[in-house]
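The values are calculated or read from the model by the stated rules, or taken from the named source; none is laboratory data. Worth saying up front: this structure is predicted, and the values here are computed from it rather than measured. Glycine also receives a Cβ, built like all others from the backbone with ideal geometry; neighbour counts cover every protein chain displayed.
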Amino acid sequence: MSNKTESLIDEKQQKITESLAKIENKTNKFLFSIPEINTPSALIYEIYFHATTVKKMGYDVIILTEKEGFTPPSYIEEQLTKHTHKPMGGSKLSVGPEDIMVIPEIHSNVMEQTKDLPCLRIGLLQSFDYMLNALVPGTFWNNFGIKNIITTSNTLKDLFLQFTHKDLFDIDVYNIGLPVYFQKSKKPQKPVISIVGRNPNDITKIVKLFYTKYPQYRWVSFDAMLTNSNPPEPLRRTDFADKLKNNFAAVWVDRISSFGTFPLECMKSGVIPICHIPDVIPEYVVETNKDDQKFIKENAGVWTNSYYDIPDYIGDILTRFLDDNIPDELYDSMDKIAKPYTQAQSEKSLKKIYDKHIENRYKTLKNSISQENKKQ
């Protein structure tokens, strides 16, 4: 072996040794790439929640933004966004083998752009619909060296594995947690219906169809869950929760949602969700019988495959509410469904997952030194 080759091996081992020391001393860093989305997004909220959880574990955290001058979304609590933000193209950003980068599925192009970086990269899967958006047909995450996935439900995990080879990826699942400010109102709820969805036209049409069919209820209000400013803006999530719990029911129309935090927020707040079933049914309302058949849980609110039946369901629930004829079993069931989805439990689960990745990264780097020694 030439002196030059020996020198290169020694240099490589020295760098790996330094990386191991950084992991041992918790001076390695976590990087979370974040897309720019103007409307309130559970995806963005969860990235900040991951970052904050990791920061509590004692690690340095950097939020990677698409551009300079990024301003954290105002709808997210300030304590979750207090991190260093840097643009992805920043020349001052250095990444080592000891570092960990978390990339959401909407940033598949970032997975490709970062494939030559020495750090461990993890895909964060929250939306199956966004997963392929930035990919060229015939390519997938494993082509860019992504082997580790964190996702928000077993349903998403199973769907992911349905289209990929199960041996290509290591997938961890955690439950999304709702903040404690989603809670039942201590005051009587109003005959107001919260209504949210991805497509404004779908929302407007439901309201108009309801008033057309039930003109006697024109005095009932629909709340789009926005500020009273002109033009209306998204509410801070804390204000959103305060508004939601004062209303008696809520309509949710979001076909491409892969989890659906809004129905859970409703259940936690004692608000009856009236939902158009999305392509991926939220696992918290799915039950499996002894014949392995899946169906929507009883008393999980109202769930329908028919968009045009929603005005009728609103009318039925409203009539029952005004007659004080909503069964207690409905509220008890909703409370039971939403109960496991706490941020305390979510944080506990994420710490376990990230500890595992750090430990595995340490073992991988240590093994690489052993492999290099065997070559000499």
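Scanning the stretch 125-164 for residues that are surrounded by fewer than 20 Cβ atoms within 10 Å (Cβ to Cβ) and of a type in the set (A, V, I, L, M) yields LEU132, ALA134, LEU135, VAL136, LEU159, LEU161. If the condition is being within 10 Å of LEU31 (Cβ to Cβ) and of a type in the set (A, V, I, L, M), then the stretch 79-136 contributes MET88, LEU93, VAL95, ILE100, MET101, VAL102, ILE103, LEU117. Just one of the listed residues (LYS290, LYS245, LYS268) is in contact with a Phe, Trp or Tyr (Cβ under 8 Å, 6 or more places away or on another chain) and either free of Cβ contacts under 8 Å to residues at least 12 places away in the same chain or more than 25 Å from ASN154 (Cα to Cα) (or both), and it is LYS245. Of all the listed residues (GLU36, GLU68, GLU24), the sole one being out of contact with any strand residue (DSSP E or B) (no Cβ under 9 Å at 6 or more places or on another chain) and either more than 15 Å from TYR354 (Cβ to Cβ) or of a type in the set (S, T, N, Q) (or both) is GLU24.
To keep it simple, each residue is scored yes or no on (1) under 21 Å from CYS275 (Cβ atoms); (2) within 20 Å of the chain's Cα centre (by Cα); (3) not in a loop (DSSP other than H, G, I, E, B).
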| position | (1), (2), (3) |
| --- | --- |
| ASP172 | no, yes, yes |
| PRO191 | yes, no, yes |
| VAL196 | yes, yes, yes |
| ASN201 | yes, no, yes |
| ILE206 | yes, no, yes |
| THR212 | no, no, yes |
| SER229 | no, no, no |
| PHE240 | yes, yes, yes |
| TRP252 | yes, yes, yes |
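A count restricted to the stretch 105-143 and to residues that are touching a Gly at 6+ places or on another chain (Cβ under 8 Å) and not aliphatic (A, V, I, L, M) stands at 6. Would you call PRO97 over 14 Å from the mean Cα position of the chain (by Cα), over 28 Å from VAL253 (Cβ atoms) and surrounded by 20 or more Cβ atoms within 10 Å (Cβ to Cβ)? Yes; evaluated as a whole, the condition is true for this residue. Right, SER94: under 24 Å from SER368 (Cβ atoms), out of contact with any strand residue (DSSP E or B) (no Cβ under 7 Å at 6 or more places or on another chain) and at pLDDT below 90 or not? It is true that SER94 is under 24 Å from SER368 (Cβ atoms), out of contact with any strand residue (DSSP E or B) (no Cβ under 7 Å at 6 or more places or on another chain) and at pLDDT below 90.
Of the residues contained in the stretch 64-76, one or more are found to be at pLDDT 90 or above, surrounded by 18 or more Cβ atoms within 10 Å (Cβ to Cβ) and in contact with a Phe, Trp or Tyr (Cβ under 6 Å, 6 or more places away or on another chain). Look at the stretch 136-167 and say how many of its residues are modelled with pLDDT under 90 and either of a type in the set (Lys, Arg) or in contact with a Lys or Arg (Cβ under 7 Å, 6 or more places away or on another chain) (or both). Residues meeting the conditions: 1. Taking strands (runs of 3 or more DSSP E) as the structural unit, those lying wholly within the stretch 36-141 and holding at least 3 residues that are touching a helix residue (DSSP H, G or I) at 6+ places or on another chain (Cβ under 7 Å) correspond to 100-104, 120-125.
Yes/no matrix, rows are residues, columns are (1) free of Cβ contacts under 8 Å to residues at least 24 places away in the same chain; (2) in contact with a Gly (Cβ under 8 Å, 6 or more places away or on another chain):
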| residue | (1), (2) |
| --- | --- |
| SER94 | yes, no |
| ASN148 | no, yes |
| HIS165 | yes, no |
| ASN175 | no, no |
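The number of residues in the stretch 313-325 that are surrounded by 15 or more Cβ atoms within 10 Å (Cβ to Cβ) and more than 31 Å from the chain's Cα centre (by Cα) comes to 4. Just wondering, is there one or more residues in the stretch 195-211 that are basic (Lys, Arg) and more than 26 Å from PHE321 (Cα to Cα)? Yes, the conditions are met somewhere in the stretch 195-211.
Restricting the stretch 25-35 to residues that are of a type outside the set (A, V, I, L, M) and assigned to a loop (DSSP other than H, G, I, E, B), which is surrounded by the most Cβ atoms within 10 Å (Cβ to Cβ)? Per the stated criteria, the residue is ASN28. The single condition among (1) modelled with pLDDT under 95; (2) more than 29 Å from PHE240 (Cβ to Cβ) that ASP99 does not meet is (1).
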